[in-house]
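What follows is a set of notes on a single structure, which appears directly below.
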Amino acid sequence: MKLNRIERATLYLSIVIAAFYFVPATANAMHIMEGYLPLGHCVVWGAVCIPFLAMGVIRLRRTVNENRRSLILLAMSGAFIFVISSLKIPSMTGSCSHMTGTGLAAILFGVAQASILSIIVLIFQAILLAHGGLTSLGANTFSMAIAGPIFTWLLFRAGKKLKLSRMANVFIASSLGDLFTYCVTSIQLALAYPSETGGAAASAVKFLSVFAPTQAPLAVVEGLLTVLILMGMENFAARELSDISFLEAK
């Protein structure tokens, strides 16, 4: 039986959502955990995120109002973030590393829309999976929902100007965007807990060295998964991708 475009999109989305039930829930995830940051840091990072999120709401509403068909791609992008950022592997410190999944939304829609999808995921993970926390929501939002997507979007735009092939560009931007997210997280932790010798800079190096052995291969995997997801989208949602001008990118 041949499925139409909407039926195929629904099927793929159901597979992604179903995969979530195979994800084990642990409380020692790479998102900065509940109560780990000092109160002042929580407030500052949360305040920094507010303008980005306000713009995200505006841009997201405009996107949906101008192109209702983009809802399919938005739903797939949000589900992608939720599932792969919930898959965790142990790091050297007993905490965990994980992919972010935000590159897909940043490439397709831009930083503002990606920030809204990401904070929704972060809130659900904090409440339902003990992955991250509500007090650390601002810091986690800045690193995963803002800094990472910004870096991914900038790299993707640069790749287009350099005439890279579309999928090679997607791979590079999403992989390095994942790594940049963890660079920002390391800096956030270092600022909160500077080393007695060397200060925040030395502490940042320590955090980066801890996460690098697990996060580097995960970034490569995320790049490959993002490419595969977009290849699948081109098969069942080519018209929607054309509507948002993705397929016109060279």
The stretch 44-81 - residue that is of a type in the set (S, T, N, Q) and touching a helix residue (DSSP H, G or I) at 6+ places or on another chain (Cβ under 6 Å) and, of those, nearest to Ile107 (Cα to Cα): Ser77
So, in the stretch 193-250, how many residues would count as being in contact with a Gly (Cβ under 9 Å, 6 or more places away or on another chain) and under 13 Å from Ser174 (Cα atoms)? 5
Quick check on Val220: is it farther than 27 Å from Ser245 by Cβ, assigned to a helix (DSSP H, G or I) and modelled with pLDDT of 90 or more? yes
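Does Ala200 satisfy the condition of being at pLDDT below 90, surrounded by 19 or more Cβ atoms within 10 Å (Cβ to Cβ) and over 20 Å from Ser85 (Cα atoms)? Step through it out loud before you land on a result.
Values: at pLDDT below 90: yes; surrounded by 19 or more Cβ atoms within 10 Å (Cβ to Cβ): no; over 20 Å from Ser85 (Cα atoms): yes.
For Ala200, the condition - at pLDDT below 90, surrounded by 19 or more Cβ atoms within 10 Å (Cβ to Cβ) and over 20 Å from Ser85 (Cα atoms) - is not met.
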Which listed residue is within 28 Å of Ala54 (Cα to Cα) and at pLDDT 90 or above, from Thr185, Thr135, Thr152: Thr152
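Identify, from the list Ala145, Ala212, the residue that is within 21 Å of Gly35 (Cβ to Cβ) and under 18 Å from the mean Cα position of the chain (by Cα). Give the steps one after another, and end with the answer.
Values: Ala212 fails: within 21 Å of Gly35 (Cβ to Cβ).
Among Ala145, Ala212, only Ala145 is within 21 Å of Gly35 (Cβ to Cβ) and under 18 Å from the mean Cα position of the chain (by Cα).
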Can you find a residue that is under 30 Å from Val210 (Cα atoms) and among the hydroxyl-bearing types (Ser, Thr, Tyr) anywhere in the stretch 61-74? no
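Let me confirm something: among Phe236, Phe207, which residue is without any contact (Cβ under 8 Å) to a residue 24 or more places away in the chain and of a type in the set (Phe, Trp, Tyr)?
Values: Phe236 fails: without any contact (Cβ under 8 Å) to a residue 24 or more places away in the chain.
The conditions single out Phe207.
Can you name the residue in the stretch 101-135 that is of a type in the set (Ser, Thr, Tyr) and surrounded by 24 or more Cβ atoms within 10 Å (Cβ to Cβ) and is also nearest to Leu218 (Cα to Cα) among such residues?
Of all residues in the stretch 101-135, those of a type in the set (Ser, Thr, Tyr) come to 102, 115, 118, 135.
Checking the rest, the ones that are also surrounded by 24 or more Cβ atoms within 10 Å (Cβ to Cβ) come to 102, 115, 118.
Working: Thr102: 14, Ser115: 21, Ser118: 18 Å.
The selected residue is Thr102.
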Would you please name the residue that is farthest from Leu87 (Cα to Cα), looking only at residues in the stretch 208-250 that are among the hydroxyl-bearing types (Ser, Thr, Tyr) and surrounded by 19 or more Cβ atoms within 10 Å (Cβ to Cβ)? Thr226
If I filter the stretch 153-163 for residues that are in contact (Cβ under 8 Å) with a residue 40 or more places away in the chain, over 23 Å from Ala75 (Cα atoms), of a type in the set (A, V, I, L, M) and touching a helix residue (DSSP H, G or I) at 6+ places or on another chain (Cβ under 6 Å), do I get at least one hit? no
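The values are calculated or read from the model by the stated rules, or taken from the named source; none is laboratory data. Computed from a predicted structure; not experimentally measured. Using ideal geometry, Cβ is built from the backbone for each residue, glycine included, and neighbour counts are taken over all protein chains shown.
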